Amino acid sequence: MMTDELTRSYPLSNERGRDVRAGHLRGWGLEFGDLSTSIQSDHVWQLALKLAVERGTLLPVAKLANIYLILKYAVPRTGALNVIEFGSFKGGCAVFMATLLREWGREGKVLALDTYEGMPKTDATLDLHSEGDFRDCDEAGLRKFIADNNLSSQVELAKGLFDQTLPGIIASGMKFALAHCDCDIYSGVKYVCCEVDKYLIEGGHMVFDDPLFGSCLGAFTAVEEELIQDRRLYAEQVYPHLVYRLPPLPVDPVG
């Protein structure tokens, strides 16, 4: 079964610096196979999904399932499992990931970075979103929801623009196994991509929520400039997310 192969030692198949087999298993399995169905019996998945929906996540089930699969199987399975999220809105996905960490008994924390006051100034040429979009974050409600569901040890909110909050996080020495970039606009994604080497661990993954949406050409432009054109990286997945291995796997000189 596909889930049996996912549990094997990673990387499953190193091709041009990405684990192409893992990407195929998750992407094809979620789009055309039975991966979504096969994880529904997991009580941890059920609880995390329930809390994410209650908090108002905008992510569809396939994207939450992909994050679940990456965190459970693809990132290093020992040591602290820290996650950084760029763009949290109402915090549903941050709550989802924090619940997984708690229920799995993994040491680590989710840092959720957002203005919690809506989008900053955008590029009118590249971005269809405008300053102030998604202002209905309900920061106070999110903080209460985290406390009420006993997730205060697993999730921390970092309020402000990314270039205001990330430098202090980097200076603290904290490193992350997964970066979830749910930022719809060029400037935010550009900054996240430029700084990525400073905050991801070996074996880390960067998951982009928005670049393949019709309203987020600016987000995709930033990925093109920084990861594709400048660093010449190859995506590990394009469904339901755009996923990169960062740093890339060592490339076999023979291959």
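What follows is calculated from the coordinates using simple rules that are stated; it is not laboratory data. Predicted model, so just to flag it, every value in this text is computed and none were measured. When we count neighbours, we look across all protein chains shown, and the Cβ atoms used for this are built from the backbone with ideal geometry, even at glycine.
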* Structure fact -> Per the 1/(1 + (r/R0)^6) rule, R0 = 45 Å and r from the Cβ atoms of A140 and W28, FRET efficiency to 0.05 is 0.60
* Report relative contact order for the chain in percent, whole number only (criteria: Cα-Cα under 8 Å, sequence separation at least 6). => 22
* **Values of log10 I(q)/I(0), in the order q = 0.12, 0.20, 0.22 Å⁻¹, for region 173-255 under a Debye, Cα-only, solvent-free model** => -0.32, -0.87, -1.04
* Along its principal axes, what span do the Cα atoms of region 14-245 show, with the longest given first and each in whole Å? -> 45, 44, 34
* Let me see the pair-distance distribution of region 25-123: every alpha carbon pair, 10 Å bin width, integer percents in order. => 15, 45, 31, 8, 0
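Going from the alpha-carbon gyration tensor of region 158-221, what semi-axes, largest first and in whole Å, does one get by taking the root of 5 times each eigenvalue?
Details: eigenvalues 90, 39, 15 Å².
Whole-Å semi-axes of the equivalent ellipsoid: 21, 14, 9.
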* Whole-Å semi-axes of region 1-54's equivalent ellipsoid (Cα gyration tensor) -> 25, 12, 11
* Asked: Scaled to the compact-protein estimate 2.2 N^0.38 Å, what is the alpha-carbon radius of gyration of region 102-182, rounded to two decimal places?
  -> 1.26
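Report the per residue volume, in Å³, of the convex hull enclosing the C-alpha atoms of region 150-191.
Value for region 150-191: 104 Å³ per residue.
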* Compute the relative contact order of region 141-255 as a whole-number percentage, counting only Cα pairs closer than 8 Å that sit 6 or more residues apart in sequence. => 24
* **Residue-count net charge about I146 - beta-carbon cut-off 14 Å; Lys, Arg +1, Asp, Glu -1** => 0
* Cβ under 10 Å from D209's Cβ, D209 left aside: what net charge do those residues give with Lys, Arg +1 and Asp, Glu -1? -> -3
* Asked: Quick one: net charge of A48's neighbours, Cβ under 12 Å, K/R +1, D/E -1?
  -> +1
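Kindly put D19, D136 in sequence by how many other C-beta atoms sit within 10 Å of each C-beta, fewest to most.
The fewest-first ordering by Cβ neighbours comes to D136, D19.
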* If one computes the Cα centroid of region 157-215 and of region 1-75, what distance in Å separates the two points? -> 21
* **Cα-centre dipole for the chain with unit charges at Cβ (Lys and Arg positive, Asp and Glu negative), debye to 20** => 700
* To do: List the residues whose amide H sits under 5 Å from the amide H of L242, counting only those 5 or more places along or on another chain, with H placed 1.01 Å from N in the peptide plane.
  => F208
* Asked: So which of K72/K109; K121/K190; K72/K144; K50/K144; K72/K121 end up more than 25 Å apart, counting from Cα to Cα?
  -> K72/K144; K72/K121
